[in-house]
1. In the range 266-300, what residues are free of Cβ contacts under 8 Å to residues at least 40 places away in the same chain and of a type outside the set (A, V, I, L, M, F, W, C)?
2. Just need a number here: residues in the range 65-97 that are closer than 16 Å to E261 by Cα and basic (K, R).
3. Report every pair of residues separated by at least 6 positions or lying on different chains whose Cβ atoms are under 8 Å apart, first residue within the range 146-170 and under 20 Å from K197 (Cα atoms), second basic (K, R) and surrounded by 19 or more Cβ atoms within 10 Å (Cβ to Cβ).
4. What pairs come out if I take residues in the range 195-208 that are free of Cβ contacts under 8 Å to residues at least 24 places away in the same chain and pair them with residues that are surrounded by 11 or more Cβ atoms within 10 Å (Cβ to Cβ) and among the β-branched types (V, I, T) whose C-beta lies under 6 Å away, six or more apart or interchain?
5. Regarding I218, is this residue more than 30 Å from T327 (Cβ to Cβ) and assigned to a loop (DSSP other than H, G, I, E, B)?
6. Determine if the range 200-216 includes at least one residue that is closer than 15 Å to F300 by Cβ and in the same structural domain as L112 (by TED's automatic domain parsing).
7. For E212, which of the numbered conditions (1) within 19 Å of P119 (Cα to Cα); (2) without any contact (Cβ under 8 Å) to a residue 40 or more places away in the chain; (3) surrounded by 12 or more Cβ atoms within 10 Å (Cβ to Cβ) fails to hold?
8. Tell me which residues, restricted to the range 33-52, are acidic (D, E) and over 14 Å from K19 (Cα atoms).
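The values are calculated or read from the model by the stated rules, or taken from the named source; none is laboratory data. Treat the numbers as computed from the prediction; the structure is a model and nothing was measured. Here the Cβ is made from the backbone with ideal geometry for all residues, glycine too, and neighbour counts use every protein chain on show.
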Amino acid sequence: MTLNTKSPYLRIGTQYYKKVIAPVLKGSIKRIIPWSYEAIKTDHSNHKQLEIEQYDGFCNIPSHTDHQEKVKTFYNVYHPLSTKPRKMDIPNFHKVMKHVFEEQLDLGFDYLALMFQYPTERLNILCLVSKAKNSGKSTFLALIKLIFESNAIVISDDDFRSNFNASWLSKLLIAAEEIQLNRDSDSNKLKNLSTAKTVTLEAKGKDRIEVEFFGKFILCSNHELDFVKIDEDETRYWVRKLKRIPKLEDDSLMTENLRDELPGILFFLNKWVIKSPRSSRMWFDPKDLETEALIDVKAFWNKIEVDELIKQCFKQPKHDEESIFMTASDISKALKKKYNQTHSEVWVGKAMKRCHWERCQRSVNGQQRWGYLVTYLLGCNHE
């Protein structure tokens, strides 16, 4: 009886693959690459005795503590982490985390630990913004890549907008550096993906397939206000504005220092006790993630939105045009009726001022009221 020989080859579905250890700039990484059976026969005279593992197809089941290459009869494409956790001092990790999260440091630890311990949990879209150079955004992304390896990817605006999403939609963590997703279609897509349970995976030349989705998003941008549209009542985002790293603390070797600490970082994340109770569909209580930076972004987009609505609905009357007198309250109610959007009288007043509308006084029911002379445009009938 001839004994079969263990081989690096796989048959997944009807296609053949080979397990390889591919070199990268820092070390190596395990991968599977397409291979042909003809090549196997050419390379191995005893190919009939080779033990070739067989799978019915691919699956994507994330785990950092109990990774299984084979799940039932399917090959798991989620990459196992190559570094083994080990208890050790990790001062540079704590230094980076303190810089990024400051007063929300424990929330930052919870965020990373949730990704590590419970990778299928949906989490808020983390946004790191700063106009300042050397603010630590790139260092934090480097840390994320070190921790999660091939399960994290950095994409561009064009990647995000492309229909061909197979290269990134299957990842645990999708990061975007120096991004500006300020179109309505961008923000809607991002919001939908952040809470989606399944998504449609599309690659060039291949059929579209529906897969389970557990991706988390991190956005980094030099644009502190208009990097993505965030509505007033939106709770999916966590925005942190980063300060410049002081020159004396600027460490060009920080990434290498973090790499040296990686076993300890993994040990820390695995042992960290989550302090935030599950309070929403994205785990965290939105109130806990509210920052001045998030409030500023919402205010910026609220200003633009109210200004545009007013310009669409009203115009300043010319001398020979019929006009009506409306208070800020009247305008707010009109916008609510037409666009089903609520904007306070204060916001309307500020918007009218930005639109260079002059206030005037008129007698309304025997009382002097401040307001504006306006002419309605088509579709904005006033009652």
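1. Residues satisfying the conditions are K271, P277, R278, S279, D285, K287, E290.
2. Taking the range 65-97 and keeping what is closer than 16 Å to E261 by Cα, we get 81-97.
Then drop every residue that is not basic (K, R), which leaves 84, 86-87, 95.
Total satisfying the criteria: 4.
3. Within 8 Å, the pairs are N151/K171; A152/K171; I153/K171.
4. Pairs found: R208/T200.
5. Details: more than 30 Å from T327 (Cβ to Cβ): yes; assigned to a loop (DSSP other than H, G, I, E, B): no.
So I218 fails the test.
6. From the range 200-216, those closer than 15 Å to F300 by Cβ are none; that's our starting set.
Looking through the range 200-216, none of the residues is closer than 15 Å to F300 by Cβ and in the same structural domain as L112 (by TED's automatic domain parsing).
7. (2)
8. Within the range 33-52, the subset acidic (D, E) is 38, 43, 51.
Of everything in the range 33-52, those that are acidic (D, E) and over 14 Å from K19 (Cα atoms) turn out to be E38, D43.
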